[in-house]
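The values are calculated or read from the model by the stated rules, or taken from the named source; none is laboratory data. Bear in mind the structure is a predicted one, so any value in this text is a computation, not a measurement. When we count neighbours, we look across all protein chains shown, and the Cβ atoms used for this are built from the backbone with ideal geometry, even at glycine. The area values use the complete protein model at the heavy-atom level, side chains included, leaving out ligands, DNA and RNA. Shrake-Rupley method; radii C 1.70, N 1.55, O 1.52, S 1.80 Å.
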Amino acid sequence: MRLDTDSGDDVAQLEAGLDALQAEQPGRSAVRPAIGKALLPVLALAAIVYVWQMYIWIVQPRPDILPGPADVAAALGSLWGDGAAQETILTSLERGVLGFLIAAVIATPAGLLLSQHKGLRAAFGPLISGLQVLPSVAWVPAAIIWFGLTDATVYFVVLMGAVPSIINGLISGVDQVPPQFLRVGHVLGANRWQQATRIILPAALPGYIGGLKQGWAFSWRSLMAAEIITVGGSMGFGLGSLLQQGRDLSDMAIVVSAILLILAIGIVIELLVFAPVERRLLRGRGLLKAGAA
Amino acid sequence: MTSQNTVLQRAAAQLEISGLSKRFGPDAPLVLDNVNLRVEQGEFVALLGASGCGKSTLLNLVAGLEEPTAGELKAPEAAFMFQDASLFPWLTAQANVELALELRGVGRQERAEQARELLELVHLGGAGRKRPHELSGGMRQRVALARSLAQSRDLLLMDEPFAALDAITRDLLHDELERIWRRTGRTIIFITHNVREAVRLGQRVLLMSSRPGRIVAEWRVGDGLDARDRAELSGEITTELRREIRRHAT
Ligand SMILES: Nc1ncnc2c1ncn2[C@@H]1O[C@H](COP(=O)(O)OP(=O)(O)O)[C@@H](O)[C@H]1O
Ligand SMILES: [Mg+2]
């Protein structure tokens with residue numbers, strides 16, 4: 001039998017059948033794993049609080065050295081009640097987010113330029129990697145001398161923390177673009193600009209998002225360091241300042257509360273902002289099975 | 001040439017290669033040595049050879065993805081289809097085809113329309129909104145075929161495009177490709193290491209030697225061949241291919 005005498009309709013039907021057989025089945029409901037995912041961290045948290053409480057009961061440390069969960073909850077409650085918690089959170093978040101956005105605006109074109117230009121990259125690459133390792137707290141004294149006790153000091157430190165990691169994330173994202181994509185772009189007739197905007201950038205997006213995520217982490221850490229060290233002047237009162245105030249007052253419940261708030265904000269931003277973006281991106285590219293993290 | 005080829009004789013040459021050689025680096029061995037090839041407009045040429053003999057290198061030279069070391073090459077800009085579909089995973093099937101149209105300079109409105117038509121042509125009219133990872137291997141290759149047709153170039157280069165597919169799907173895509181070739185009148189150079197595939201598709205089958213790669217034999221596959229004739233021809237070509245491979249045994 002000669003297949004090529006089949007009519008076009010036959011081929012179309014055959015293909016439709018094969019397509020139906022071979023195409024990926026739609027993923028099953030992801031509800032159960034999602035519940036499990038939310039439940040496990042809550043259980044872990046409960047276990048930690050339990051151990052903490054047991055320690056308080058058994059060892060009975062001085063409350064001004066280590067307060068119990070109830071003391072901290074009370075401190076948190078009164079911070080929330082008089083609005084101090086909300087105010088410090090808002091102040092810090094505003095600076096952190098603004099600083100992060102400025103960092104992204106600076107780092108994105110810089111990273112693109114460095115990833116495309118060999119000479120520039122050879123010149124500045126090591127410096128930027130070095131800056132990424134340098135704890136940005138190290139910039140605080142210099143920033144205070146330059147900008148005094150103003151918000152500019154805080155933003156400067158945040159930028160020095162976030163910009164290098166965003167640049168590096170973008171560069172490594174570009175490096176990981178499969179060469180085959182570039183060949184396809186070439187064959188499809190893309191010029192340099194089209195190659196960069198239509199192929200390299202979207203292909204590098206996962207690495208870039210990874211860099212942004214790390215950039216945010218660096219922003220947040222740098223911000224807290226800057227807020228702890230530099231209090232007063234014209235500076236707003238943020239979570240780091242609250243932490244420092246707790247220490248000045250030797251109020252351990254406030255110190256622990258501030259630490260918990262700083263931690264919680266970090267987790268919330270990760271869960272509400274970066275995790276969904278990352279998940280959507282990876283799932284759209286088939287790099288994530290439905291129901292997986 | 002026999003009289004059945006008068007149509008081909010009248011047609012203009014689509015591709016002319018003479019004395020083409022390629023080595024990767026000054027001290028590297030010759031991958032291609034003095035390759036001569038002329039392909040007529042509308043012809044379907046199957047290029048056959050063992051793995052590593054330089055088939056892809058030859059095609060990459062034709063596509064301008066590599067520079068020749070020596071020799072002359074006159075080729076129009078060509079569309080290219082790779083062994084893996086190489087679709088962009090961040091774009092839907094429709095958008096993958098549209099991107100090829102966009103890079104060719106087709107206006108926004110016509111793009112959507114043309115891409116839909118091309119997907120219909122490869123019987124994927126309903127899959128335009130799917131991402132590559134949601135498609136089977138055969139469907140991905142058909143999207144890639146639609147994309148290479150979107151380039152609207154007379155010459156279509158295909159580098160083992162069906163090698164990674166299962167036999168059932170591959171048979172089907174042979175029919176599909178032949179139908180599209182007849183309908184669109186493209187010139188196709190199709191690389192394969194599969195003798196039966198070469199005989200199934202090619203009007204002309206070229207055999208390449210290994211280390212260095214040269215074109216060492218050529219067969220014409222008449223239109224009127226039945227299954228037995230084709231099996232016989234496949235046997236003959238296989239014998240020749242094996243002799244070529246055995247040469248390297250010592
Ligand atoms: N970019 C490259 N650099 C160095 N050697 C290469 C490169 N591309 C191919 N080769 C070599 O050229 C030879 C032919 O490769 P290729 O054209 O891919 O063979 P085929 O497609 O017939 O399997 C192989 O020995 C391979 O190692
Ligand atoms: Mg190859």
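Tabulated data for the structure shown
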| read-out | value |
| --- | --- |
| The range B:51-75, residues that are small (Gly, Ala, Ser) and more than 7 Å from ligand 1 (Cβ to nearest atom) | B:Ala63, B:Gly64, B:Ala70, B:Gly71, B:Ala75 |
| Elements of type helices (runs of 4 or more DSSP H) in the range B:1-120, at least 1 residues being within 16 Å of ligand 2 (Cβ to nearest atom) and under 15 Å from the mean Cα position of the chain (by Cα) | B:55-63 |
| Inter-residue pairs, beta-carbon under 6 Å, first farther than 18 Å from A:Val154 by Cβ and in the range A:125-141, second of a type in the set (A, V, I, L, M, F, W, C), 6+ apart | A:Ile128/A:Ile167 |
| Any hit, the range B:205-221, residues being open to solvent by 20 Å² or more (accessible area, probe 1.4 Å) and within 14 Å of another protein chain (Cβ to nearest Cβ) | no |
| Some residue of the range A:152-171 being among the aliphatic types (A, V, I, L, M) and without any contact (Cβ under 8 Å) to a residue 40 or more places away in the chain | yes |
| Residue match in the range A:184-200 (condition: crowded, with 18+ Cβ neighbours inside 10 Å, in the same structural domain as A:Leu101 (by TED's automatic domain parsing) and among the aromatic types (Phe, Trp, Tyr)) | no |
| Of all residues making up the range B:127-181, the number that are in contact with a Phe, Trp or Tyr (Cβ under 6 Å, 6 or more places away or on another chain), more than 10 Å from every other protein chain (Cβ to nearest Cβ) and open to solvent by less than 10 Å² (accessible area, probe 1.4 Å) | 1 |
| Hits in the range B:156-200 (condition: within 16 Å of ligand 1 (Cβ to nearest atom), farther than 27 Å from B:Ala12 by Cβ and part of a helix (DSSP H, G or I)) | B:Val195, B:Glu197 |
| Single match in B:Gln83, B:Gln41, B:Gln109, B:Gln14 (criterion: away from ligand 1 (no atom under 16 Å from the Cβ), in contact with a strand residue (DSSP E or B) (Cβ under 8 Å, 6 or more places away or on another chain) and open to solvent by 60 Å² or more (accessible area, probe 1.4 Å)) | B:Gln41 |
